[in-house]
Amino acid sequence: MRKNIVAGNWKMNNDLAQTEALITDLKRQSKTSDAEVMIAPTFTNLWQAYQTLKDNDIEVIAQNMHFADNGAYTGEISASMLNSIGVKTVILGHSERRAYFNETDELLAKKVDAALANDLRVIFCFGEELADRKAGNEEAVVEGQIKNALFHLDADAFKSIVLAYEPVWAIGTGETASPEQAQDMHAFIRKTLENKYGNDVADSVSILYGGSVKPANAKEIFGKPDVDGGLIGGASLKAEDFYAIVNAF
């Protein structure tokens, strides 16, 4: 049975003191949940966050990593480095990494391989832009992103992969995505997996929704049959809001 997951992506927010304060607030809000709960602080605060939460059910995860294990890659972090501080899950392919840092499907395939080789779980992000949606190309774009970066893997690898659909056109554009649109795309994604790997794999992979989930809409979105949780941005920076989303399950 696939897992429900709520992962908070803190992006480039919170210095060390702010990170510690938010974690303290999260621990106060934390209680038994039907979802796995994760937070992704900045690289500089991963170790402190991990140490603070290592006896808690909240998992500390990374926002990104490089495909090489070491070498002349100034400013980069490797999978083995994440492993060395206890981090076991990494977000790859986020829409902001694709847009601002020109990450391609081919590069992401290499990152996925490196993560899996180091026994990291991957939250793999993908999604279409507004122009793609308006042109009716959303399914082709999403299918291409998944196939190009993941379909070289064998079926067993998907035990360590979580998918996260980001409708980029509905994030900060003034456009809105309905829960029905989220469900339609998640069902398409699951069918794409089924066509390649069969029903057992397709039904076991958690697919998260990354389209501006908030306390007000989380319950309706998470109630859709193919939506298994959320990758949460801004709402994860307030403990009360984040746990309102977690408790939507």
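What follows draws every value from the coordinates through simple rules; no lab data is involved. The model shown is predicted, which means the values in this text are computed figures rather than measured ones. Backbone-built Cβ (ideal geometry, glycine too); neighbour counts: all protein chains shown.
I want the local charge near Gly127. Using Cβ-Cβ distances under 11 Å, sum +1 for each Lys or Arg and -1 for each Asp or Glu among the other residues. Walk me through the intermediate numbers first.
Values: positive: Arg98, Arg133; negative: Glu128, Glu129, Asp132, Glu138, Glu166.
For residues surrounding Gly127, the net value is -3.
Say the cut-off is 27 Å between C-alpha atoms; which of Lys110/Lys219; Lys134/Lys238; Lys31/Lys54 go over it? Provide the component values of the computation, followed by the final result.
Values: Lys110/Lys219 35 Å; Lys134/Lys238 33 Å; Lys31/Lys54 15 Å.
Going by Cα-Cα distance, Lys110/Lys219; Lys134/Lys238 fall outside the 27 Å limit.
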To the nearest 20 Debye, how big is the dipole of the chain about its Cα centre, given +1 on the beta carbon of each Lys and Arg and -1 on that of each Asp and Glu?
400 debye
Percent RCO, i.e. relative contact order, over the stretch 18-171, from Cα pairs under 8 Å lying at least 6 residues apart
18 percent
What is the stretch 1-70 by shape, rounded, prolate or oblate, if you read a ≥ b ≥ c off the alpha carbon gyration tensor as root eigenvalues and call it rounded for a/c under 1.5, prolate for a/b larger than b/c, and oblate otherwise?
oblate
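Which of the three applies to the stretch 85-176, rounded, prolate or oblate, going by the alpha-carbon gyration tensor with a ≥ b ≥ c and a/c under 1.5 meaning rounded?
Values: a/c = 2.26, a/b = 1.73, b/c = 1.31.
Prolate, since a/c reaches 1.5 and a/b exceeds b/c.
Please work out the Cα convex hull volume for the chain and give it in Å³ per residue. All intermediate terms of the calculation are to be shown ahead of the outcome.
Values: hull volume 30.0 nm³, N = 249.
Roughly 120 Å³ of hull volume per residue.
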